[in-house]
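Data block below; observations after.
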Amino acid sequence: MKKTVLLFSLIALTATTGLFAQTKKTTSAIVAFDATTPKDALPKAENKTVIAEIDTKSGQIGFEAAVKNFTFTNPTIQAHFNEERWLNSDKFPAFTFMGKINDVTKYNFSKNGVYNVTVTGQLTVKDKTNNVTTPATIEVKNGTLIANASFSIVLADYGIQVGTAGKIAGEPKITVAAELK
Amino acid sequence: MTEKRTNKKGWIRKALFAFLLVVLLAGGAFWYIMNETFDDTAATQSAYTVSAQDLINAYQTNDSLANAAYREQIITVQGRVTEVEAADTTVNIKFTDPVTGSYLIFDFQSQHVADAKVLQAGDSVAIKGSCSGNIYSMLRKAHMISFKRSVLVTKF
């Protein structure tokens, strides 16, 4: 009898941890970059192959994106984005964000619901790292985490000068959307 | 005197014409660049056709050499789909090396998303896309080789 109870307990534990593993992952998070201005509607792009992980227990968060996989509608603008004076993607092929959910113990991510959280971390672009703090929402739906965040960065902080023509926003908006399983 | 005036008028007319021509050409070039879009990948010739595992192996062996050959090229990749992953309203298709976890991932051109949506893990396919090269993921401890503007060529 004891053995049967132990066996059922083990099965139940395995099923639970399988359904709600501590680390949620995806390789198809979406990061959008919008540096448009009233003078130019072209400098905006999207990358749909971003790696993302969230550890629901420790609150650790990580994102990694290949710079060259940002897709623009316009080939010339895409080429400019990747060239040496802008993102220099041959030399610096990835954007990374490593951070954590603040006060993670306040949230029970094993329960369905929408959680408004604050995320703090370090964003690295062109080998320059700056702190970023942003509000984010995490919706838990049957073990899947749907995370969304939106924030701005100052390009000059990453060694990118946009010039004075007013065709590229100096503080582009970054939008993040991820479905982590 | 009259001849000189006529010559001057002719010169001014020519200069004005040249100026207008330059403005028109510059305007045309600007309009072309601003309205240019990427060609449909389906109609673009592949620089290489490779198997998914061979391409992953090439990146794992020497990513600098692999990038020199494949990055920014249109490539047709043949292999067995290991994962179909949702990305917003579209899907990404993956080929993963089961031993190392390194993978190829394809984001589809908007007009070809419907073809990708019907694919399932286990399907043998050929996919053509623009190779963005690789990054080594510290999170996954593996190479990610990504493709954009992809199209399904064949489902075998």
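The values are calculated or read from the model by the stated rules, or taken from the named source; none is laboratory data. What you see is a predicted model, and the numbers here were worked out from it, not measured in a lab. FYI the Cβ positions are ideal-geometry reconstructions off the backbone, even for glycines, and counts take in every protein chain you see.
Among the residues making up region A:142-181, a single one is of a type in the set (K, R) and touching a Gly at 6+ places or on another chain (Cβ under 9 Å): A:K181. Annotation: A:V119 fulfils all but one of (1) within 14 Å of chain B (Cβ to nearest Cβ); (2) among the aliphatic types (A, V, I, L, M); (3) buried (at least 19 other Cβ atoms within 10 Å of the Cβ); the unmet one is (1).
One line per residue, one yes/no per condition, for (1) surrounded by fewer than 18 Cβ atoms within 10 Å (Cβ to Cβ); (2) at pLDDT 95 or above; (3) over 20 Å from the mean Cα position of the chain (by Cα); (4) not charged (D, E, K, R):
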| residue | (1), (2), (3), (4) |
| --- | --- |
| A:T49 | no, yes, no, yes |
| A:A65 | no, yes, no, yes |
| A:K68 | no, yes, no, no |
| A:T76 | yes, no, yes, yes |
| A:F81 | no, no, no, yes |
| A:A94 | no, yes, no, yes |
| A:F97 | no, yes, no, yes |
| A:D103 | yes, yes, no, no |
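A:G163 meets the conditions (1) more than 30 Å from B:A68 (Cα to Cα); (2) part of a strand (DSSP E or B) in every case but one. The failed one is (2). Tell me, yes or no, whether region B:73-82 has at least one residue that is in a loop (DSSP other than H, G, I, E, B) and surrounded by 15 or more Cβ atoms within 10 Å (Cβ to Cβ). Checking region B:73-82: at least one residue is in a loop (DSSP other than H, G, I, E, B) and surrounded by 15 or more Cβ atoms within 10 Å (Cβ to Cβ). Whether any residue in region A:135-150 is without any contact (Cβ under 8 Å) to a residue 12 or more places away in the chain, in contact with a Phe, Trp or Tyr (Cβ under 8 Å, 6 or more places away or on another chain) and not acidic (D, E) is what I want to check. No - not one qualifying residue is present in region A:135-150. Of B:I56, B:I12, all but one fail to be in a helix (DSSP H, G or I) and over 20 Å from the mean Cα position of the chain (by Cα); the exception is B:I12.
Among the residues making up region A:64-84, those that are touching a residue at least 24 places away in the same chain (Cβ under 8 Å) and not aliphatic (A, V, I, L, M) are A:E64, A:K68, A:F70, A:T71, A:F72, A:T73, A:N74, A:Q78, A:F81.
Rundown of residues vs (1) facing chain A (nearest Cβ under 9 Å); (2) within 18 Å of the chain's Cα centre (by Cα); (3) hydrophobic (A, V, I, L, M, F, W, C), yes/no style:
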position	(1), (2), (3)
B:Q78	no, yes, no
B:D88	yes, no, no
B:A114	no, no, yes
B:V118	no, no, yes
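Can you pull out the residues in region A:63-78 that are more than 7 Å from chain B (Cβ to nearest Cβ) and within 16 Å of A:F97 (Cβ to Cβ)? Listed by number, the residues that qualify are A:F63, A:A65, A:V67, A:F70. Of all residues in region B:109-139, those satisfying the criterion of being closer than 24 Å to B:A69 by Cβ, touching a residue at least 24 places away in the same chain (Cβ under 8 Å) and in contact with a strand residue (DSSP E or B) (Cβ under 6 Å, 6 or more places away or on another chain) are B:Q109, B:V125, B:A126, B:I127, B:K128, B:G129, B:S130, B:C131, B:S132, B:N134, B:Y136.
Residue by residue, here is whether (1) over 27 Å from B:A142 (Cβ atoms); (2) charged (D, E, K, R); (3) modelled with pLDDT under 95; (4) assigned to a strand (DSSP E or B) holds:
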residue: A:L87; (1), (2), (3), (4): no, no, yes, no
residue: A:K100; (1), (2), (3), (4): no, yes, no, yes
residue: A:K111; (1), (2), (3), (4): yes, yes, yes, no
residue: A:V114; (1), (2), (3), (4): yes, no, no, yes
residue: A:L123; (1), (2), (3), (4): no, no, no, yes
residue: A:N131; (1), (2), (3), (4): yes, no, no, yes
residue: A:T137; (1), (2), (3), (4): yes, no, no, yes
